[in-house]
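Only one structure is covered here, and it is reproduced in the block below.
The values are calculated or read from the model by the stated rules, or taken from the named source; none is laboratory data. Values in this document were obtained by computation on a predicted structure and should not be read as measured data. In this analysis, Cβ positions are derived from the backbone assuming ideal geometry, glycine residues included, and neighbour counts consider all displayed protein chains.
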Amino acid sequence: MRINMVEAINSALVQEMERDKDIVVMGEDVGVDGGVFRVTDGLYSKFGRERVIDTPLSEAGIIGVATGMAALGLRPVPEIQFQGFEYVAYHHFAQHIARLRNRTRGSVTVPMVVRLPYSGGIKALEHHSESLETIYLHVPGLKVVAPSSPSEAKGLLAAALVDPDPVLYFEPKRLYRAFKEEVSEERYEIPIGKANVLKEGNDVTLITWGAYTHVCKDVVPEAEKQGVSIEHIDLRSLSPCDWPAILKSVQKTGRCVVVHEAVKTLGFGAEISARIMEKAFLSLEAPVNRITAWDITIPYPKMEDYYFPDKKRILSGILETARY
Amino acid sequence: MPITKAFEGKIDYVQILDKDGNIDQTLDPKLPDELLDKLYRFMVLARTWDKKCLALQRTGRMYTYAPLEGQEAIIVGAALALNKEDWIFPTYRESFLYHIRGAELWKINLGWMGMEDGLKLDKSMHCFPLAIPIATQFPHSVGAAYALKQKGIKAATLSFGGDGSTSEGDFHDALNFAGVLNTPSVFLVSNNGFAISVPRKWQTKSETIAQKALAYGIKGVQIDGNDVLCVYSTIKRALDMARDGKGQMLIEAVTYRMGPHTTADDPKKYRNEEEVAYWRERDPIKRFQLYLKGRGLWSMEYEQRILEESSKLVEDAVAKSEAYQPDPKEIFRYVFANMTPDLEEQMQQCFEKK
């Protein structure tokens, strides 16, 4: 079937909820309304109020309650309507969800899949365009994945919903309806922790995930037209991160560009750069180049295009690294 | 248009056993002798264990410890009011109740001696690991109660907190979600007068904590938290109600922490001797002892015997927990279900011979 990412996540949720009756979808407006992005459309009428819960308007309550559900054997899929609203629930992630397995030496675990619509570029209001992956990566015990296409969205969600650990599932809003692609109707999983080499190449390793994998797909042919062979890696999973895949590629190309839409300082690009320094220093022909948002507050929609890395900036960054 | 009443509420205060051990005949829950004996023994054991923990901490054999003295009636009354299928969500103040739910004392010691193994609880105990952050256990308990209901298990959850915890958003979220989702939830707030040093009156302008329940459409009651008969019977009634799908309850148990918040503070700095003496007269164990004596269930020989038994249990537990050696590699093993290659490498670096 040829579908967009919203449809892919929706159909995957239906398929998974039919497979496992312990899966419970919950959040603000996820039921009757089908979610503000319509990702959970139709689930309420199909599975009922007990499994598709329109919760009170409280992110802390949603995540706190989901924690208890998961501990007792349900598999909650809480939605945080916009990732920028999540700060008030962060303590449940850092203080409990991430560490319950450890602090009970495995006797209490909380497998759940938290859906976090993230990323900007859709001209949304303030607090609606955040990319906060790093704040979760800083807490041991959380898995973080970010699909970059409808088929990846389905496979990663299926894998997350059988994973024994809590998974934060980053949905790139700007890709929700950006394009359609062929997605299998059969159930399949994309393993968490494995990167996908989208395209092999020899000159520059280009590392992306989520929304920017798609943005960069358009840049790659342009760079190649100018004689730069790109190896494009879509991380898919940021925690655990597929370090061997990154290192293997950089050892081959000697050059690396990381693109993300989070701010530069302590964005995941910083960690990637540091790991490459530690493990592939002698292979490097150029410094690792981070093409990111600026270290400023995300501008209101009128000027947000100055903030996010655009194709022009990415292309010139790649060329600069290639010719260093 | 005449003004009409949009809402009206009231909060009861309940005490069954007064400070001198006299029972209110009309409220007497008429518990069997065997249960009265059990309540008393566990309270004595709790105090014996607590004193030992304090002594261990003072002599460097235990890390920071949160004493329970004065709150024995709440911990023991609550633990014995639960059914086996019910789930408990305690805080650091109630770790003793793990023992009543089946954990050996030496295992509880491990937590206070700085080892995660202290919270490796047998699943059949239906106990959540004690919460150190304030109030987070309340919403967790609501989710657990939802899971019980969803799975068709006739059981309820009981979550604990202190007066200070009612200032946290999580407390209010939990009460609100419990009401809206109609979960089998009971919330127990031990109002022991202080959140570390800050007195109850500086936490909230409300006359009672129990009345906060009314704002969320659930029941609330204030009880004498040093009266074990009242604690036991109130919680039991609330749990029965919750299991039967008849609603949620917030119980405010008024009590007093006789010792410090933890071994890291000095209560002399924030409260006076007269207040402590006032509460010493309302001691939960002393008044229950007087009651049992009046019923012919207590004697000096009985007291001597259970003190000796408690002491032996506690000493044996200390010896066992002090002999315990955790495997340091455990600190890496439970980050995820399966260790990542990256963590494997870091673990090797951590333990490689220098």
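Just name the residue that is nearest to residue B:69 (Cα to Cα) out of those in region B:163-178 that are more than 9 Å from every other protein chain (Cβ to nearest Cβ) and of a type outside the set (A, V, I, L, M, F, W, C).
Across region B:163-178, the extreme among qualifying residues is B:163.
Filter region B:104-144 for residues that are assigned to a helix (DSSP H, G or I), more than 7 Å from chain A (Cβ to nearest Cβ) and of a type in the set (A, V, I, L, M); which is farthest from the chain's Cα centre (by Cα)? Please lay out each step first, then the result.
Of region B:104-144, the ones assigned to a helix (DSSP H, G or I) are B:105-112, B:116-119, B:123-125, B:137-144.
So of that shortlist, the ones also more than 7 Å from chain A (Cβ to nearest Cβ) come out as B:105-112, B:118, B:124-125, B:137-138.
Next, only the ones that are of a type in the set (A, V, I, L, M) stay: B:105, B:108, B:110, B:125.
Numbers: B:105: 16, B:108: 14, B:110: 18, B:125: 15 Å.
Once the filter is applied, the top-ranked residue is B:110.
Tell me whether region B:205-212 contains one or more residues that are part of a helix (DSSP H, G or I), in contact with a strand residue (DSSP E or B) (Cβ under 8 Å, 6 or more places away or on another chain) and touching a residue at least 12 places away in the same chain (Cβ under 8 Å).
Checked against the condition, which is being part of a helix (DSSP H, G or I), in contact with a strand residue (DSSP E or B) (Cβ under 8 Å, 6 or more places away or on another chain) and touching a residue at least 12 places away in the same chain (Cβ under 8 Å), region B:205-212 yields at least one hit.
Return the residues of region B:130-152 that are under 14 Å from residue A:99 (Cβ atoms) and among the hydrophobic types (A, V, I, L, M, F, W, C); say none if nothing qualifies.
B:130, B:131, B:132
Kindly evaluate residue B:347 against the criterion of being out of contact with any helix residue (DSSP H, G or I) (no Cβ under 8 Å at 6 or more places or on another chain), of a type in the set (A, V, I, L, M, F, W, C) and farther than 30 Å from residue B:192 by Cβ.
Numbers: out of contact with any helix residue (DSSP H, G or I) (no Cβ under 8 Å at 6 or more places or on another chain): no; of a type in the set (A, V, I, L, M, F, W, C): yes; farther than 30 Å from residue B:192 by Cβ: yes.
When the stated conditions are applied, residue B:347 does not pass them.
Residue pairs, Cβ under 9 Å, 6 or more apart or interchain, first in region B:108-128 and β-branched (Val, Ile, Thr), second part of a helix (DSSP H, G or I). List them.
Taking only residues 6 or more apart or on different chains, the pairs are B:108/B:49; B:108/B:98; B:108/B:99; B:108/B:118; B:108/B:317; B:108/B:321.
In region A:275-296, which residues are more than 21 Å from the chain's Cα centre (by Cα) and more than 19 Å from residue A:232 (Cβ to Cβ)?
Passing the criteria: A:277, A:278, A:279, A:281, A:282, A:287, A:296.
Quick check on this structure: which one of A:45, A:129, A:107, A:58 is of a type in the set (S, T, N, Q), surrounded by fewer than 20 Cβ atoms within 10 Å (Cβ to Cβ) and farther than 24 Å from residue B:116 by Cβ?
The unique qualifying residue is A:45.
Only residues that are within 11 Å of another protein chain (Cβ to nearest Cβ) and in contact with a Lys or Arg (Cβ under 6 Å, 6 or more places away or on another chain): list them for region B:309-354, please.
Listed by number, the list holds a single entry, B:334.
Give the residues of region B:318-340 that are surrounded by 13 or more Cβ atoms within 10 Å (Cβ to Cβ) and outside any loop (DSSP other than H, G, I, E, B), sorted by residue number.
Matches in region B:318-340: B:318, B:320, B:321, B:322, B:330, B:331, B:332, B:333.
Being hydrophobic (A, V, I, L, M, F, W, C), under 30 Å from residue B:21 (Cα atoms) and in a helix (DSSP H, G or I): is that true of residue B:343 here?
It is false that residue B:343 is hydrophobic (A, V, I, L, M, F, W, C), under 30 Å from residue B:21 (Cα atoms) and in a helix (DSSP H, G or I).
List the strands (runs of 3 or more DSSP E) inside region A:123-238, counting only whole elements, that have at least 2 residues being aliphatic (A, V, I, L, M), within 30 Å of residue A:319 (Cβ to Cβ) and in contact (Cβ under 8 Å) with a residue 12 or more places away in the chain.
A:196-199, A:204-208, A:230-234
Which one of these is in the same structural domain as residue B:104 (by TED's automatic domain parsing), closer than 20 Å to residue B:160 by Cβ and touching a residue at least 40 places away in the same chain (Cβ under 8 Å): B:41, B:58, B:47?
B:47
Identify, by number, the condition in (1) outside any loop (DSSP other than H, G, I, E, B); (2) within 20 Å of the chain's Cα centre (by Cα); (3) at the interface with chain A (Cβ under 9 Å from one of its Cβ atoms) that residue B:160 doesn't meet.
Result: residue B:160 passes all but (3).
I'd like to know if region B:265-288 contains one or more residues that are within 30 Å of residue A:275 (Cβ to Cβ), among the polar types (S, T, N, Q), outside any helix (DSSP H, G or I) and without any contact (Cβ under 8 Å) to a residue 12 or more places away in the chain. Walk me through how you get there before you give the answer.
First, the residues of region B:265-288 that are within 30 Å of residue A:275 (Cβ to Cβ): none.
No, the conditions are met nowhere in region B:265-288.
Is there a residue being among the polar types (S, T, N, Q), surrounded by fewer than 21 Cβ atoms within 10 Å (Cβ to Cβ) and at positive phi anywhere in region B:199-206? Give the steps one after another, and end with the answer.
We begin by selecting, within region B:199-206, every residue among the polar types (S, T, N, Q); these are B:203-204, B:206.
Next cut, surrounded by fewer than 21 Cβ atoms within 10 Å (Cβ to Cβ) only: B:203-204, B:206.
Subset that is at positive phi: none.
Within region B:199-206 (the criterion being among the polar types (S, T, N, Q), surrounded by fewer than 21 Cβ atoms within 10 Å (Cβ to Cβ) and at positive phi), the answer is no, since none of the residues qualifies.
Here are B:101, B:93: which of them is within 14 Å of chain A (Cβ to nearest Cβ), basic (Lys, Arg), under 30 Å from residue B:16 (Cα atoms) and in contact (Cβ under 8 Å) with a residue 12 or more places away in the chain?
It is B:101.
Would you mind finding the one in B:23, B:100, B:11 that is closer than 18 Å to residue B:294 by Cα and among the β-branched types (Val, Ile, Thr)?
Sole residue among the options that is closer than 18 Å to residue B:294 by Cα and among the β-branched types (Val, Ile, Thr): B:23.
Do we find that residue B:147 is within 13 Å of chain A (Cβ to nearest Cβ) and outside any helix (DSSP H, G or I) in this structure? Give the steps one after another, and end with the answer.
Working: within 13 Å of chain A (Cβ to nearest Cβ): yes; outside any helix (DSSP H, G or I): no.
No: the conditions fail for residue B:147.
I'd like to know if region A:10-22 contains one or more residues that are at pLDDT 95 or above, closer than 22 Å to residue A:129 by Cα and buried (at least 20 other Cβ atoms within 10 Å of the Cβ).
yes
Yes/no matrix, rows are residues, columns are (1) at the interface with chain B (Cβ under 10 Å from one of its Cβ atoms); (2) in contact with a His (Cβ under 9 Å, 6 or more places away or on another chain); (3) of a type in the set (Gly, Ala, Ser):
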site: A:5; (1), (2), (3): no, no, no
site: A:16; (1), (2), (3): no, no, no
site: A:31; (1), (2), (3): no, no, yes
site: A:38; (1), (2), (3): no, no, no
site: A:42; (1), (2), (3): no, no, yes
site: A:54; (1), (2), (3): yes, no, no
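Any chance region A:158-170 includes a residue that's hydroxyl-bearing (Ser, Thr, Tyr) and either touching a Cys at 6+ places or on another chain (Cβ under 8 Å) or not assigned by TED's automatic domain parsing to the domain that holds residue A:19 (or both)?
The answer is no, given that none of the residues of region A:158-170 is hydroxyl-bearing (Ser, Thr, Tyr) and either touching a Cys at 6+ places or on another chain (Cβ under 8 Å) or not assigned by TED's automatic domain parsing to the domain that holds residue A:19 (or both).
Is it the case that some residue within region A:75-84 is touching a His at 6+ places or on another chain (Cβ under 7 Å), modelled with pLDDT under 95, outside any loop (DSSP other than H, G, I, E, B) and more than 10 Å from chain B (Cβ to nearest Cβ)? It would help to see each step written out before you state the result.
Within region A:75-84, the first condition is being touching a His at 6+ places or on another chain (Cβ under 7 Å), and the residues that meet it are A:82, A:84.
Going one step further and asking which of them are modelled with pLDDT under 95, we end up with A:82, A:84.
With the extra rule that they be outside any loop (DSSP other than H, G, I, E, B), the set shrinks to A:84.
Cutting the leftovers down to more than 10 Å from chain B (Cβ to nearest Cβ) gives us A:84.
For region A:75-84, residues touching a His at 6+ places or on another chain (Cβ under 7 Å), modelled with pLDDT under 95, outside any loop (DSSP other than H, G, I, E, B) and more than 10 Å from chain B (Cβ to nearest Cβ): present.
Please work out which residue is surrounded by the most Cβ atoms within 10 Å (Cβ to Cβ), limiting yourself to region B:129-183 and to residues that are of a type in the set (D, E, K, R) and in contact with a Lys or Arg (Cβ under 6 Å, 6 or more places away or on another chain).
Ranking the qualifying residues of region B:129-183, first place goes to B:163.
Restricting the search to region B:54-69, which residues are over 14 Å from residue B:259 (Cα atoms) and part of a loop (DSSP other than H, G, I, E, B)?
Matches in region B:54-69: B:59, B:60, B:61, B:62, B:63.
Take region A:85-118 and flag every residue that is within 7 Å of chain B (Cβ to nearest Cβ) and not in a helix (DSSP H, G or I).
Those that are within 7 Å of chain B (Cβ to nearest Cβ) and not in a helix (DSSP H, G or I): A:104, A:105, A:106, A:107, A:108.
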